[in-house]
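S.K.: Here you go, one structure.
The values are calculated or read from the model by the stated rules, or taken from the named source; none is laboratory data. Every value quoted in this text rests on a predicted model; they were computed, and no experiment measured them. As a convention, Cβ positions derive from the backbone with ideal geometry for all residues, glycine included, and neighbour counts pool all protein chains shown.
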Amino acid sequence: MAVIPQVADSIGRKAFDLFSSDYPEFVQRLNADGLEKCRQDVVYHTAYLLQAISLDRPIIFDDYVRWVLELFAALGISRESFVTSLHAIVTAIEDECGPQSAQQAKRIVNEAVQKTTPPQWSMPSLQPEEKQYMDFLLQGQRMEALHLVQELLAKDGDIRRIYTLFRNVLYQVGLLWQIGKINVAQEHYITAATQQVISHLYPHIFSQKSALSGKVVVGACATDELHEIGIRMVCDLLEMDGFDTHYLGANTPVRSLIDYAAGQAADAILLSVTLSVHLNNLQAMITSIKEDPRTKAVPVIVGGRPFYLDNNLYRAIGADYFAADAEAVSRILAGGN
Ligand code: B12
């Protein structure tokens, strides 16, 4: 299924109409803005379900359902309304794609709904300096956050530890947004401030660079993927390990990625995805890389949130390797695994 966004849009819209007639008391309470948000949500649920079907990976939908239930609980949206909308999606799939796809969709939906327990909301604990950094940014104090990072760096010069701090804080910030403890603006501020702090670290990154490995690595995100800090951090750490890294950022157009990687004679292409609904885009990108005579022999290494769900997912989308972090990429490129 190469065009999930378009198919999801038409099936999701149909499902929303079915949901509206199945559950009138829910939609009648919504104003125009609420109705549009609800329609978008149903399209989104549909896209995740189609993604799970297309890769034959129910776990993608299990993970999504767990996340939606946590989010909706915080927003006061009932489990019942969500489950009703999922059944409407199954009916819309039957109308559009036939009984076989509907059977598969129904099984995936029922299993995902049965598996999920009520939200737990256990927050992983942060180290004191991580909490301090997050608290500064929650109070809008980016200068203090920068000074804290500079002090930590002055102690032992350990950039890896600082990057782990950023990652842990950003994960926590994501959870705080998800359970409604902070708003989108705060989440955006903390992300933007962290990017500003990272830009202050480049003199250290370049000065700590190991002997050159002679290997060129190009890093980018899947089409439509806006989460780009993870792959940026991986590229920075590889740069410190002596690689010549070229980080191309979010939502990279595949043609220019291929031209760029070919032009740099890349030894590897690193691709990142955070939202599992973008796996289909990633798969299409890898297919194009493997079809181009200039890049077909270049190993493609993937990483990001969905790959922790299933150790073999990278194979299903056509990648050569999955790596969890920069060290794993170094090992792969050194010939080990
Ligand atoms: C910042 C952020 C954003 C920013 C991103 C800005 C930017 N410049 O990157 C913005 C505001 C754009 C954003 C938007 C959205 N976001 Co957001 N976001 C986050 C947040 C808080 C932090 C992301 C981050 O930087 N993490 C830190 C990095 C270091 O971690 P990482 O990406 O996992 O990367 C590490 C590893 O995975 C690995 N890695 C990653 N890629 C690769 C690749 C290779 C090759 C290798 C080797 C390793 C590797 O190495 C990294 C270092 O350890 C997360 C929370 C979270 N848990 O991550 C939510 C989160 C990812 N977002 C989420 C959502 C829902 C969204 C939106 C859909 C919200 C909306 N309704 O609009 C949109 C979707 C945008 C899109 N189309 O992509 C959800 C996803 C939930 C899910 N089940 O998928 C999360 C988890 C928040 C939450 N808890 O609910 N977001």
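S.K.: Quick check: is even one residue across segment 179-187 touching a Gly at 6+ places or on another chain (Cβ under 8 Å), over 30 Å from G318 (Cα atoms), modelled with pLDDT of 95 or more and not assigned by TED's automatic domain parsing to the domain that holds Y314?
M.R.: Yes, segment 179-187 contains at least one residue that is touching a Gly at 6+ places or on another chain (Cβ under 8 Å), over 30 Å from G318 (Cα atoms), modelled with pLDDT of 95 or more and not assigned by TED's automatic domain parsing to the domain that holds Y314.
S.K.: Could you please let me know if V149 is within 9 Å of the ligand (Cβ to nearest atom), of a type in the set (A, V, I, L, M) and at pLDDT 95 or above?
M.R.: Spelling it out, it is not the case that V149 is within 9 Å of the ligand (Cβ to nearest atom), of a type in the set (A, V, I, L, M) and at pLDDT 95 or above.
S.K.: Just checking, does segment 195-206 include any residue being in a helix (DSSP H, G or I) and within 30 Å of I77 (Cα to Cα)?
M.R.: No, because not a single residue in segment 195-206 is in a helix (DSSP H, G or I) and within 30 Å of I77 (Cα to Cα).
S.K.: Residues in segment 308-329: is at least one more than 14 Å from the ligand (Cβ to nearest atom), acidic (D, E) and within 19 Å of V217 (Cα to Cα)?
M.R.: Checked segment 308-329: no residue is more than 14 Å from the ligand (Cβ to nearest atom), acidic (D, E) and within 19 Å of V217 (Cα to Cα).
S.K.: Could we say that L282 is farther than 25 Å from D63 by Cα and either under 17 Å from the mean Cα position of the chain (by Cα) or near the ligand (Cβ under 10 Å from one of its atoms) (or both) here?
M.R.: Judged against the criteria, L282 is not a match.
S.K.: Go through (1) among the basic types (K, R); (2) in contact with an Asp or Glu (Cβ under 7 Å, 6 or more places away or on another chain); (3) free of Cβ contacts under 8 Å to residues at least 60 places away in the same chain for R66 and report which single condition fails.
M.R.: Of (1) among the basic types (K, R); (2) in contact with an Asp or Glu (Cβ under 7 Å, 6 or more places away or on another chain); (3) free of Cβ contacts under 8 Å to residues at least 60 places away in the same chain, only one is false for R66: (2).
S.K.: From L175, L126, grab the single residue that is over 30 Å from S10 (Cα atoms), assigned to a helix (DSSP H, G or I) and not aromatic (F, W, Y).
M.R.: L175
S.K.: Here are the criteria: (1) in contact with a Ser or Thr (Cβ under 9 Å, 6 or more places away or on another chain); (2) within 13 Å of the ligand (Cβ to nearest atom); (3) not basic (K, R). Tell me which single one T295 does not satisfy.
M.R.: Among (1) in contact with a Ser or Thr (Cβ under 9 Å, 6 or more places away or on another chain); (2) within 13 Å of the ligand (Cβ to nearest atom); (3) not basic (K, R), T295 violates only (2).
S.K.: If you check every pair at least six apart or on different chains, which have Cβ atoms under 6 Å apart with a residue in segment 224-245 that is under 14 Å from A211 (Cβ atoms) first and a residue that is within 8 Å of the ligand (Cβ to nearest atom) second?
M.R.: L238/A326
S.K.: Determine whether Q195 is surrounded by fewer than 18 Cβ atoms within 10 Å (Cβ to Cβ) and more than 7 Å from the ligand (Cβ to nearest atom).
M.R.: Against the criterion (surrounded by fewer than 18 Cβ atoms within 10 Å (Cβ to Cβ) and more than 7 Å from the ligand (Cβ to nearest atom)), Q195 does not qualify.
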